[in-house]
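One structure below.
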Amino acid sequence: MPASLWRHRDFRLLWAGQTVSEVGTQVSFLAVPLVAIDIVHASTFGVGLLAAMQTLPFLLVGLPAGAWVDRMARRPVLIAADIGRTVALGSIPAAWALSALTLAQLYIVSLVAGILTVFFDVAYQSYLPVLVGHEHLVDGNAKLATSESGARVVGPAVAGGLVSAVGAANAVLADAASFVVSFATLLAIRTPEERPEAAPAPRGRARRLKGEIAEGLRFVWREPRIRSVAGSTSTSNFFSVMAMAVLLVFLRRQLHLSAGRIGVLEALGSVGGIVGALAAGRLARRIGVGRTILWTIAVSGLGQMAYPLATRATASILVVVGGVLTAGGAVAYNINQVSLRQALCPPRLLGRMNASVRFMVWGSMPIGGFVGGVLGSTIGLRPTLWVAAAGSLAAFGWILFSPVPAVRTIPTPEELAGV
């Protein structure tokens with residue numbers, strides 16, 4: 001295996017494909033809600049429900065997805081998910097061109113794309129250790145997170161420009177095209193995977209699936225470091241999506257900001273993600289992996305406090321400051337907590353561990369989106385943002401009262417075997 005991931009051909013292909021795909025995803029994050037707001041004229045609750053539909057699949061299929069992925073080679077799963085998401089998202093501009101676009105279609109597309117994303121994400125986090133090996137996990141996660149953060153800088157600005165130039169519906173085509181690029185790079189990867197375990201006979205399949213799901217959940221629950229990280233991330237995601245469900249409506253309808261300006265502000269705020277990605281490894285080496293996880297999730301929560309303070313006059317400053325702190329803290333947190341989880345988990349359980357954690361941390365998101373829509377429609381947009389900010393900040397308590405801060409370095413297989 002190459003000493004540096006810069007010389008690892010297959011990782012470079014994965015990295016390139018995901019970089020392009022992440023830019024496209026960021027375009028959709030802005031464009032699809034704007035389709036709901038500006039084209040089909042959805043209510044605040046309707047926009048919140050759309051945010052919920054995008055992550056509902058993690059509750060519906062998150063757990064069985066892990067068991068299924070552990071039975072299959074991961075790369076074909078990634079390829080199939082990219083093809084499906086291309087078709088689903090491409091249907092939005094097609095329906096708009098035919099004057100047939102409805103809010104119901106946006107819900108369906110979000111749900112279908114979300115299901116495919118569940119499988120992609122579970123397989124993706126399980127595929128990286130196969131591709132780069134244990135010794136390159138932090139470096140690989142950091143490089144991928146840097147690209148994701150860069151996409152969050154470029155994507156909103158590109159989205160704002162595309163929405164202004166060709167309309168929100170047509171802007172979604174950029175995301176569909178990005179999945180085609182990801183598909184092509186995945187096809188070119190040559191690293192072999194171990195042959196997956198043969199599928200059980202049909203009569204025993206349901207029973208075995210339940211047992212495999214339960215095994216993954218038991219591992220997560222019994223490993224206190226992974227359990228604490230999952231609880232913290234789940235809490236943070238619940239309140240973050242609550243804020244996301246109303247933030248765009250707040251900026252668009254209450255502060256009357258244009259799509260282009262919103263895109264630029266979100267892009268500038270996302271610069272914090274690049275800083276977080278570049279600093280994640282250095283922070284871990286300087287103060288330890290566990291303390292880095294603790295303090296970065298706290299910084300991310302503090303960033304959410306800026307949004308409800310924003311007015312039309314101060315939005316340019318506060319939205320950017322909030323974005324820098326939120327993105328910077330979240331990215332540095334995720335690089336270290338994902339690397340820790342991958343290192344602590346036996347290879348045979350990686351898919352189920354990742355799916356179990358994803359079920360917990362992403363499963364809270366549709367609930368947060370739904371609650372955000374309800375609160376935004378009842379107590380108002382700004383008060384809802386305050387509730388979300390307070391909850392996001394409280395997420396660091398899970399880590400504070402856990403064994404995680406005592407973790408100095410990512411444990412090696414030899415260290416784990418000696419415990």
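The values are calculated or read from the model by the stated rules, or taken from the named source; none is laboratory data. Note that the structure is a prediction, hence the values are computed from the model and not measured. Glycine also receives a Cβ, built like all others from the backbone with ideal geometry; neighbour counts cover every protein chain displayed. Ligands, DNA and RNA are stripped out before the accessible areas are found, and what is left, the full protein with its side chains, is counted by its heavy atoms. Shrake-Rupley method; radii C 1.70, N 1.55, O 1.52, S 1.80 Å.
Is at least one residue of region 59-77 closer than 24 Å to Val374 by Cβ, touching a Pro at 6+ places or on another chain (Cβ under 8 Å), modelled with pLDDT under 90 and open to solvent by less than 30 Å² (accessible area, probe 1.4 Å)? Give the steps one after another, and end with the answer.
Start the filter on region 59-77 by keeping residues that are closer than 24 Å to Val374 by Cβ, which leaves 59-60, 62.
Checking the rest, the ones that are also touching a Pro at 6+ places or on another chain (Cβ under 8 Å) come to 59.
Still in the list and also modelled with pLDDT under 90: 59.
Filter again for open to solvent by less than 30 Å² (accessible area, probe 1.4 Å), leaving none.
No, the conditions are met nowhere in region 59-77.
Checked against the criterion of being out of contact with any Gly (no Cβ under 8 Å at 6 or more places or on another chain) and among the hydrophobic types (A, V, I, L, M, F, W, C), region 17-26 has at least one qualifying residue. Filtered by the rule that a residue be buried (at least 20 other Cβ atoms within 10 Å of the Cβ) and within 20 Å of the chain's Cα centre (by Cα), region 266-293 gives Glu266, Ala267, Gly269, Ser270, Gly272, Gly273, Ile274, Gly276, Ala277, Ala280, Thr292, Ile293. Restricting attention to region 300-358, the residues that are among the β-branched types (Val, Ile, Thr) and open to solvent by 20 Å² or more (accessible area, probe 1.4 Å) add up to 7. Just one of the numbered conditions (1) at pLDDT below 95; (2) under 23 Å from Ala389 (Cβ atoms); (3) open to solvent by less than 60 Å² (accessible area, probe 1.4 Å) is not true of Gln254: (3). Of all residues in region 1-55, those satisfying the criterion of being open to solvent by 10 Å² or more (accessible area, probe 1.4 Å), of a type in the set (Phe, Trp, Tyr) and either at pLDDT 85 or above or over 22 Å from Gly368 (Cα atoms) (or both) are Trp6, Trp15, Phe45. When Ala80 is tested against (1) buried (at least 21 other Cβ atoms within 10 Å of the Cβ); (2) modelled with pLDDT of 85 or more, just one condition goes unmet, and that condition is (1).
So if I check each of Ala123, Ala100, Ala113, which one is open to solvent by 50 Å² or more (accessible area, probe 1.4 Å) and either without any contact (Cβ under 8 Å) to a residue 24 or more places away in the chain or touching a Lys or Arg at 6+ places or on another chain (Cβ under 6 Å) (or both)? Full working, then the answer.
Details: Ala123 fails: open to solvent by 50 Å² or more (accessible area, probe 1.4 Å); Ala113 fails: open to solvent by 50 Å² or more (accessible area, probe 1.4 Å).
Of the residues listed, the single one that is open to solvent by 50 Å² or more (accessible area, probe 1.4 Å) and either without any contact (Cβ under 8 Å) to a residue 24 or more places away in the chain or touching a Lys or Arg at 6+ places or on another chain (Cβ under 6 Å) (or both) is Ala100.
Residues in region 134-191 that are more than 30 Å from Leu344 (Cα to Cα), open to solvent by 10 Å² or more (accessible area, probe 1.4 Å) and not hydrophobic (A, V, I, L, M, F, W, C): Gly161, Ser164, Gly167, Asn170. I need a count of the residues in region 364-408 that are of a type outside the set (Phe, Trp, Tyr), open to solvent by 40 Å² or more (accessible area, probe 1.4 Å) and closer than 14 Å to Ser232 by Cβ. Qualifying residue count for the region: 4.
Show me the helices (runs of 4 or more DSSP H) entirely contained within region 1-100 in which 3 or more residues are more than 20 Å from the chain's Cα centre (by Cα). Before the answer, list the steps.
Working: elements: 9-34, 44-55, 57-60, 62-71, 74-97.
By residue number, 9-34, 44-55, 62-71, 74-97.
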